[in-house]
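A short worksheet on the structure shown next.
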Amino acid sequence: MGVTLLEIAVQDVAGAVTAAALGADRLELCAALAATGGLTPSGGLLDAVLAAVPPHVGVHVLVRPRAGSFVYSADELDVQARDVRAAVRAGAAGVVVGALSTVGAVDRDAVARLVDAADGREITFHRAIDTVPALQDALDQLVSLGIVRVLTSGGASRSIDGLDRLAATVAHGAGRLQVMAGGGVRPADIGALVDVGVDAVHLSASRHVAESGGPGGGSDGYTTTDPEVVAAAVAALGRRTAAT
């Protein structure tokens, strides 16, 4: 079995720098993670993160225009294609996308358009896969479309509860599609996830910052990267942190 990589979902420059310094192999850059499951980050944030982290740490941009289902209108798909092209022009190592049809299958035409917009950069299909009932058919389609990896919790709210489907995903994608376990991952879960053969684990490693913005603030605070959780995840993978 090869080395299991660590991807940290980050939402700001400080979090990206922290995750990279502590040993993350890859970053997923997104916005509004706790509130929505993640949305497309701004171009300014992407530029700043790319300038701040070492080039060996791949920055992969989540492209998702809104919360809710993964069935998109023509206008929403057009925005995503534009965002993918913008991320590629900025220098992102890859993008994270997903689109489904109204019957819960992979939307081949939509995904093919996003693959084309990525112009050869790595593409991860995100947790939209966790809502697809016909898993093997979906995985075969993703392979045929040129998707490099799939991010999945094994269909559960937390990936530690989706081990059986994760194992099936690994088995079906072997040699064709990387499988990255993500969804409510805690450092204590990582050993069990590695044992089913995933290529990478993905977590937000976040902490809540309670900070009121008043009537127009929209919430009681925000989440940001917690260095202790990142370090614990690195340790769970059996590595020393790069910062020590």
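The values are calculated or read from the model by the stated rules, or taken from the named source; none is laboratory data. Predicted model, so just to flag it, every value in this text is computed and none were measured. In this analysis, Cβ positions are derived from the backbone assuming ideal geometry, glycine residues included, and neighbour counts consider all displayed protein chains.
If you go through region 124-141 one residue at a time, do you hit one that is out of contact with any Asp or Glu (no Cβ under 6 Å at 6 or more places or on another chain), outside any loop (DSSP other than H, G, I, E, B), surrounded by 18 or more Cβ atoms within 10 Å (Cβ to Cβ) and of a type in the set (Gly, Ala, Ser)? Within region 124-141, one or more residues are out of contact with any Asp or Glu (no Cβ under 6 Å at 6 or more places or on another chain), outside any loop (DSSP other than H, G, I, E, B), surrounded by 18 or more Cβ atoms within 10 Å (Cβ to Cβ) and of a type in the set (Gly, Ala, Ser). With respect to Ala9, determine if the residue is assigned to a helix (DSSP H, G or I) and under 29 Å from Asp220 (Cα atoms). In short, no.
Selection of region 168-226 for residues being out of contact with any Gly (no Cβ under 8 Å at 6 or more places or on another chain), among the charged types (D, E, K, R) and either under 23 Å from Phe125 (Cα atoms) or at pLDDT below 95 (or both) yields Arg176, Arg186, Asp189, Asp195, Arg207, Asp220. Going by the structure shown, is Ala235 part of a loop (DSSP other than H, G, I, E, B), surrounded by fewer than 19 Cβ atoms within 10 Å (Cβ to Cβ), of a type outside the set (Ser, Thr, Tyr) and modelled with pLDDT of 95 or more? When the stated conditions are applied, Ala235 does not pass them. The condition (being among the hydroxyl-bearing types (Ser, Thr, Tyr), within 24 Å of Val106 (Cα to Cα) and not in a loop (DSSP other than H, G, I, E, B)) is satisfied by just one residue among Ser144, Ser157: Ser144.
On the stretch given as region 190-230, residues that are part of a helix (DSSP H, G or I) and buried (at least 21 other Cβ atoms within 10 Å of the Cβ) total 3. Close contacts from region 86-98, counting a first residue that is surrounded by 18 or more Cβ atoms within 10 Å (Cβ to Cβ) and modelled with pLDDT of 95 or more and a second that is among the polar types (S, T, N, Q) and assigned to a helix (DSSP H, G or I), with Cβ to Cβ under 7 Å and a gap of 6+ residues or different chains, come to Val97/Gln80.
Contact map, region 54-70: residues that are within 14 Å of Thr40 (Cβ to Cβ) paired with residues that are among the charged types (D, E, K, R), Cβ distance under 6 Å, separation 6+ or inter-chain. Pairs shown: His60/Glu28; Leu62/Glu28; Val63/Asp83; Pro65/Glu76.
Among the criteria (1) at pLDDT 95 or above; (2) within 21 Å of Arg207 (Cα to Cα), the one Ala52 does not fulfil is (2).
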